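Have a look at the structure below before the remarks.
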Amino acid sequence: MQKFAGFFPSIIDPVRYENIDSVLVVMHANVEFNNFLGALGSVIRIAGVIPKASSKKFADLNILKRYCPVLDIDREKILLNPGKFIDAVDGLTQNERFAIIDMGGYFSHVALDLAKKFNDRLIGVVEDTENGHQKYETLIGHNHSFKNLFPVISVARSSLKEPEDSLVGQAIVFSAEAILRSHGLILLGKRIGVIGFGKIGRSIAFSLLSRGARVDVFDSNPILLTLALSLGFHTSLRAEFLKSVDILFCATGNKSLSYVDVVNFKNGLHIFCATSSDDELSACLRNKIALSSTPVKNHTCKISLGGKGIYFHNGGNSVNFVHGAVVDRFIELVQGEIIYSMGSLYDAPRNTISYLPDADKKFIAEKWISHHQYL
C-alpha cells in the first residue's frame, strides 16, 4: 500500500485501531478510492474490497487489485450462495480480528451467520448508506432474541454526509441532462418526477428546479411529502403522479418501481436511478432490462413494457457514474467519518445501530477545513 496523502493523517490515531487486524470494504470503484484505501491501509490490513456494481463497469478493477484483493460479487450472488460467500470472507480475513465497511447492506443479508461463525473475531460494521442503514435496522428489529450481533455504526444520517448527498444529487441531474441532450432532448418543457424526497431526492429536485424545470415529487412518507409541498414542489397520488411525468428520477433506495407501475407509465418515459438497480427496481423490472432491452445509445436501453417504449439509463443503476460521480474533496468528510468510526467499533454496543458523537464529527470537520485552508 502506498503512503497516503490528504487530510486523513490529521484524524487517524493508530492506537484507536489496535483491536482490528484487517478490514473488508464495500465501495464504489471510482477515482476517489486512492487516498481512502491508503489511509485505511496505514493502520489496518485491507483483506479485500467488494466493488459496487453501479460503478465497477466504469472502473479499471486491475488498478484496484494493485491495492488489495478484489472480491467481485454482488448481493444477488451472496443471497444465492451465502455459505460460499462466508467461506470467502473467512479466507480473506485469515483468522484475524476484522471489521467491515459496508455500502448498501451487502453483509446484512448474512449478518446472523457471520455473527455465529466469527463471534468476537468480527469487531463490527460501519454502514455508509441510507438503504444499508434500513437493512440493518430491519435485521435488528426482527431478531430481538439474538443477543450477539456485532456492533453497527452508521454514518448514513450524519451531518457530515449532507455535503456529499447534496453533490450526488447535483451529479445525477448533470449526467441525466447530458444523456438527454445526446437524445436531442432537454429538461425544459417536460414534466419531471422525483420519487423519494430524502437527502439525495431533495437535492435532485432542487437541482432540477434551478434549471427551470417543472418538478413533481412523490414520497410514501407523508412527513417528507408535506416538506416537499412547503418548499413549493407539486405532488399528487402515486398513480396520477406516474401518469403525468415524462422523465422520472428514482431516489428511494427501497424498490421505488415494480412491474405493476408499468400501466401508469407514459410511452417514451425516461427513467434515471440514484442508486443501484437492485435497491431501486423490483426483480421483475431488472430481469426485463437484462433480458429484453435494446441498446439505443451509450448508457441507454429501450424496453417494451405493456406496449410502451420505456428508456432506462445506465442499466437502471446510479446514472452519475456515467460521468465519474465526482463530488471532489467533500467525499473526504464521510470517508473520514467512516475511518474514525472504525476506531470506535470495539467499544460500541451490540444489537443496535449507533452513531459517532457530534464532538467527533466536529473534530473531523475542523481538521478538514483546516487542511483545505477554507479559513
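Among the residues of segment 112-130, write down those that are aliphatic (A, V, I, L, M) and either farther than 22 Å from residue 17 by Cα or open to solvent by 10 Å² or more (accessible area, probe 1.4 Å) (or both). Reasoning before the result, please.
Start the filter on segment 112-130 by keeping residues that are aliphatic (A, V, I, L, M), which leaves 112, 114-115, 122-123, 125-126.
Matches in segment 112-130: 112, 123.
Of the strands (runs of 3 or more DSSP E) that lie entirely inside segment 116-216, those containing 2 or more residues that are not β-branched (Val, Ile, Thr) span 122-127, 191-195. Looking for whichever is of a type outside the set (D, E, K, R), within 25 Å of residue 25 (Cβ to Cβ) and in contact with a helix residue (DSSP H, G or I) (Cβ under 9 Å, 6 or more places away or on another chain) here; the options are 300, 275. Which one fits? Testing whether each residue is of a type outside the set (D, E, K, R), within 25 Å of residue 25 (Cβ to Cβ) and in contact with a helix residue (DSSP H, G or I) (Cβ under 9 Å, 6 or more places away or on another chain) leaves just 275. Among the residues of segment 40-67, write down those that are hydrophobic (A, V, I, L, M, F, W, C), within 21 Å of the chain's Cα centre (by Cα) and assigned to a helix (DSSP H, G or I). Listed by number, the residues that qualify are 40, 53, 61, 64. Of everything listed in (1) open to solvent by 30 Å² or more (accessible area, probe 1.4 Å); (2) in contact with a Gly (Cβ under 9 Å, 6 or more places away or on another chain), the single unmet condition for residue 80 is (2).
Among the numbered conditions (1) under 21 Å from residue 337 (Cα atoms); (2) modelled with pLDDT of 90 or more; (3) surrounded by 19 or more Cβ atoms within 10 Å (Cβ to Cβ); (4) not hydroxyl-bearing (Ser, Thr, Tyr), the only one that residue 9 does not meet is (3).
I'd like the full set of residues that are in a helix (DSSP H, G or I) and aliphatic (A, V, I, L, M), limited to segment 255-273.
Initially, segment 255-273 is screened for residues in a helix (DSSP H, G or I), giving 259-264.
Once the filter is applied, which keeps residues that are in a helix (DSSP H, G or I) and aliphatic (A, V, I, L, M), segment 255-273 yields 260, 262, 263.
Within segment 106-158, being of a type in the set (S, T, N, Q) and closer than 16 Å to residue 345 by Cα holds for 119, 148, 154.
Can you find even one residue in segment 251-264 that is hydrophobic (A, V, I, L, M, F, W, C), surrounded by fewer than 16 Cβ atoms within 10 Å (Cβ to Cβ) and farther than 24 Å from residue 170 by Cα? For segment 251-264, residues hydrophobic (A, V, I, L, M, F, W, C), surrounded by fewer than 16 Cβ atoms within 10 Å (Cβ to Cβ) and farther than 24 Å from residue 170 by Cα: present.
Applying the set (1) buried (at least 22 other Cβ atoms within 10 Å of the Cβ); (2) under 26 Å from residue 255 (Cα atoms); (3) free of Cβ contacts under 8 Å to residues at least 60 places away in the same chain to residue 107 leaves exactly one unmet item: (3).
The selection criterion, being closer than 22 Å to residue 26 by Cβ, assigned to a helix (DSSP H, G or I) and not polar (S, T, N, Q), does not hold for residue 363.
Taken as a whole, segment 277-285 holds at least one residue that is assigned to a loop (DSSP other than H, G, I, E, B), open to solvent by 10 Å² or more (accessible area, probe 1.4 Å) and touching a strand residue (DSSP E or B) at 6+ places or on another chain (Cβ under 8 Å).
Being open to solvent by 40 Å² or more (accessible area, probe 1.4 Å), among the β-branched types (Val, Ile, Thr) and more than 19 Å from residue 279 (Cβ to Cβ), is that true of even one residue in segment 194-212? Explain how you work it out, then say what you get.
We begin by selecting, within segment 194-212, every residue open to solvent by 40 Å² or more (accessible area, probe 1.4 Å); these are 199-200, 202, 206, 209-212.
Adding the requirement that they be among the β-branched types (Val, Ile, Thr) leaves 200.
Then drop every residue that is not more than 19 Å from residue 279 (Cβ to Cβ), which leaves none.
Checked against the condition, which is being open to solvent by 40 Å² or more (accessible area, probe 1.4 Å), among the β-branched types (Val, Ile, Thr) and more than 19 Å from residue 279 (Cβ to Cβ), segment 194-212 yields no hits at all.
From the list 72, 21, pick out the single residue that is open to solvent by 20 Å² or more (accessible area, probe 1.4 Å), in contact with a strand residue (DSSP E or B) (Cβ under 8 Å, 6 or more places away or on another chain) and closer than 30 Å to residue 371 by Cα.
On the way: 72 fails: closer than 30 Å to residue 371 by Cα.
Result of the check over 72, 21: 21.
In segment 320-352, which residues are open to solvent by less than 30 Å² (accessible area, probe 1.4 Å) and aliphatic (A, V, I, L, M)? Hits for segment 320-352 are 322, 325, 327, 331, 333, 334, 338, 339, 342, 345, 348.
The set of residues in segment 286-312 that are at pLDDT 90 or above and either part of a helix (DSSP H, G or I) or surrounded by 23 or more Cβ atoms within 10 Å (Cβ to Cβ) (or both) comprises 310, 312.
For segment 216-260, the set of residues classified as β-branched (Val, Ile, Thr) and either more than 12 Å from residue 197 (Cα to Cα) or touching a residue at least 24 places away in the same chain (Cβ under 8 Å) (or both) consists of 217, 245, 247, 252, 260, listed by residue number.
The values are calculated or read from the model by the stated rules, or taken from the named source; none is laboratory data. None of these values were measured; they are calculated from a predicted model. No Cβ is skipped: glycine too gets one built from the backbone with ideal geometry, and neighbour counts run over all protein chains shown. Remember, those area values only see protein heavy atoms, side chains included, never the ligands or the DNA or RNA. Shrake-Rupley method; radii C 1.70, N 1.55, O 1.52, S 1.80 Å.
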